[in-house]
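The values are calculated or read from the model by the stated rules, or taken from the named source; none is laboratory data. In this text, all values refer to a predicted model and were calculated from it rather than measured experimentally. With ideal geometry, Cβ positions are generated from the backbone for all residues, glycine too; neighbour counts draw on all protein chains shown.
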Amino acid sequence: MMKIKNPVLKGFHPDPCMIRVGDTYYIASSTFEWWPGVRIHESKDLVNWHLLTYPLSEKRLLDMTGDPDSGGVWAPDLSYDNGTFYLVYTDAKVTNGAFKDCANYLTTAKDIRGPWSDPIFLNTAGFDASLFHDDDGRKYLVNQYWDPRPYRHPFYGIMCTEFSEEKGCLIGEPRVIYKGTADRLAEGPHLYKVNGFYYLFVAQGGTGYAHQSRVARARSLRDTFETQPGTPLLTTLDAPCHPFQKAGHGSLVQTPAGEWYFAHLMARPLHRDTESSIDPRGWCPLGRETAIQKLVWDAEGWPQIVGGHNGAVEVDAPADAAEHKWEPDYPEKDDFDGEKLNPHFQSLRTPLDESICSLRDRPGHLRLYGHFSLASAFTQAHIARRWQSFHFEAEVKMAYEPRSFQQFAGLCCYYDTGNWTCIEMTWHETYGRVIDVVNTDLGRSESVYEEHPAPVPDHAEYVYFKVSADGIRYRYFYSFDGTEWTAVPRIFDSARLSDEYIAAARGVAFTGAFVGMFNVDGQGTRIPADFDYFRYRETDDLSTR
């Protein structure tokens, strides 16, 4: 029998919403401040997954200009009814403090690849909104209900409001249908109707190691929802040695043969000296990923995870599924010879037009025109992809002619505007073109080489940069011929690109580590950096322990 090997979506893919349409399964996952918004993967067997599309790929659908770190698209909800795909998404504009300024929108399409309709504004009452299609044709929006009052807990409950497709808006008064358990922080609601009951699946416990999935049910949407007795449906809080942690926030799907599966987020921690760890369970630079568990219904009509509430690394695939393997959706080495970037590359907050990012201005290269710094919450000339393994190499070949120390371009490992490292070419008053390495940790920057960066030979049209990650550590290298490499005299800590490290200092951190190319021009002259190739290669994926 085929096995589902978790995680099915490696690297930063949180808040999975899984549906089935015909013989195809789809998972939509959060992208936060990374553009385009919402990643949708497809599968025929729940085992093999393929990156299909980004529905929020136009500014008419999503404008994240100025959105804070870990703001942007939270917990998208993908559903299908009567020949139409529905996508509900939150755009979070304020993430820290007493307020969560966010707007919920709905867009629809007849084809999962689009085009998607102009968005319908729904509400700003809370985040993690999803749309439920009842069997009588009526539709309801459920979302987390935020309470800004300083004397009350901010997670007020789960709110339900009817949606009129004819009028294109919410109608009637909202109603709180569930307040959660003593573990609080009820969010990520998904509503289903199974065997005469309305089942509400919610996440609780926050986004860290106490995360969980809970279930409540009622006979009607006007009744009080009763919490499933006993332990949460899914959690690893009580299993500190489980290879997966933070298990929770999921969605339900039924196969054509009637089997049930639950897609959920989880994370794989890297372990280090517990004296220096924020949590002895470890650090998760890959961010929160997506896994799938098999689910059954017990004699009382409650869902149960097969094998227990901690979940499993390997799960039996659907009995009726024929194995369907996809062609690779990205090349190991991208020579930038096509007309479009491969879909694993994303930018931050906004689309990069030809004035910033071009595959045509120098054929066979990705040209980035210098723009704002890596600390900007506005437009960056920055193209990156997820870390998807603890053990990988990423390499670029770059041509660049800086004329000022305000101009620098290269290879970057990035978490957010205050947390990144990079190897770059820049200009120095004494040496001319030089190579430097910069570390920005919680907003504080330092240079590895300080006043003595490595000079670039005058004859060198190209430089080569490489980063090699090996578990909790990663290191940069440079070369002038692509063969002889010089190691940078500093090893960096992968944990400092993790939710755990950043949340301990700032309180909000929801994404994961990226690696990619950038060009900064503080003078506003937009000098180009030309990248001849980008190579990403997983070297030894020991991450599933």
Report task. Filter the range 510-545 down to residues that are of a type in the set (A, V, I, L, M) and either at pLDDT below 95 or in the same structural domain as residue 242 (by TED's automatic domain parsing) (or both), then give me how many there are. Result -> 1
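Of the residues 267, 322, which single one is touching an Asp or Glu at 6+ places or on another chain (Cβ under 7 Å) and surrounded by fewer than 23 Cβ atoms within 10 Å (Cβ to Cβ)? If you could, list the steps in order and put the result at the bottom.
Working: 267 fails: surrounded by fewer than 23 Cβ atoms within 10 Å (Cβ to Cβ).
Selected residue: 322, the only one of 267, 322 that is touching an Asp or Glu at 6+ places or on another chain (Cβ under 7 Å) and surrounded by fewer than 23 Cβ atoms within 10 Å (Cβ to Cβ).
For the range 52-73, enumerate the residues that are over 24 Å from residue 498 (Cα atoms) and not hydroxyl-bearing (Ser, Thr, Tyr). Outline the logic, then answer.
So in the range 52-73, the residues over 24 Å from residue 498 (Cα atoms) come out as 52-63.
Within the range 52-73, 52, 55, 56, 58, 59, 60, 61, 62, 63 qualify.
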**Report entry** Breaking point among (1) assigned to a loop (DSSP other than H, G, I, E, B); (2) more than 20 Å from the chain's Cα centre (by Cα); (3) surrounded by 23 or more Cβ atoms within 10 Å (Cβ to Cβ), for residue 261
**Finding:** (1)
Query raised in the report: Looking at (1) free of Cβ contacts under 8 Å to residues at least 40 places away in the same chain; (2) under 21 Å from residue 54 (Cα atoms); (3) not in a loop (DSSP other than H, G, I, E, B), which is the one condition that is false for residue 436?
Result: (2)
Report task. Take the range 309-319 and flag every residue that is of a type outside the set (Val, Ile, Thr) and either surrounded by 14 or more Cβ atoms within 10 Å (Cβ to Cβ) or outside any loop (DSSP other than H, G, I, E, B) (or both). Result -> 309, 310, 311, 312, 314, 316, 317, 318
Query - Members of the range 1-60 found to be closer than 21 Å to residue 246 by Cβ and of a type in the set (Lys, Arg), listed by number - result: 5, 10, 39
Query raised in the report: Only one residue in 467, 515, 508 is touching a residue at least 60 places away in the same chain (Cβ under 8 Å) and either part of a loop (DSSP other than H, G, I, E, B) or among the small types (Gly, Ala, Ser) (or both). Which one?
Result: 508
Report task. Keeping to the range 334-382, report how many residues are at pLDDT 95 or above, surrounded by fewer than 13 Cβ atoms within 10 Å (Cβ to Cβ) and under 30 Å from residue 48 (Cα atoms). Result -> 1
Requested in this report: Quick one: which residue in 501, 476 is in contact with a Lys or Arg (Cβ under 9 Å, 6 or more places away or on another chain), buried (at least 16 other Cβ atoms within 10 Å of the Cβ), assigned by TED's automatic domain parsing to the domain that holds residue 422 and over 21 Å from residue 344 (Cα atoms)?
Outcome: 476
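Filter the range 164-190 down to residues that are of a type in the set (Lys, Arg) and over 16 Å from residue 212 (Cα atoms) and give me whichever is surrounded by the fewest Cβ atoms within 10 Å (Cβ to Cβ). First the steps, then the outcome.
To start, the set of residues in the range 164-190 that are of a type in the set (Lys, Arg) comprises 167, 175, 179, 184.
Next, from what is left, pick out any that are over 16 Å from residue 212 (Cα atoms): 167, 175.
Values: 167: 9, 175: 14.
Among those residues, the one meeting the criterion is 167.
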Report task. Note down all Cβ pairs under 6 Å where the first residue falls in the range 299-320 and is within 14 Å of residue 233 (Cβ to Cβ), the second is basic (Lys, Arg) and surrounded by 15 or more Cβ atoms within 10 Å (Cβ to Cβ), and they're at least six residues apart or on different chains. Result -> 306/294
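Each row is one residue, and each column tells you yes or no for (1) in a strand (DSSP E or B); (2) among the small types (Gly, Ala, Ser); (3) within 30 Å of residue 364 (Cβ to Cβ).
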residue	(1), (2), (3)
287	no, yes, no
291	yes, yes, no
307	no, yes, no
322	no, yes, no
330	no, no, yes
Query raised in the report: When only residues in the range 470-501 that are among the hydroxyl-bearing types (Ser, Thr, Tyr) and in a loop (DSSP other than H, G, I, E, B) count, which is nearest to residue 440 (Cα to Cα)?
Result: 498
Query raised in the report: Mind checking which residues of the range 101-139 are part of a loop (DSSP other than H, G, I, E, B) and of a type in the set (A, V, I, L, M, F, W, C)?
Result: 112, 116, 125, 127, 129
Requested in this report: Of the numbered conditions (1) crowded, with 18+ Cβ neighbours inside 10 Å; (2) of a type in the set (A, V, I, L, M); (3) within 30 Å of residue 499 (Cα to Cα), residue 306 fails exactly one; give the number of that condition.
Outcome: (1)
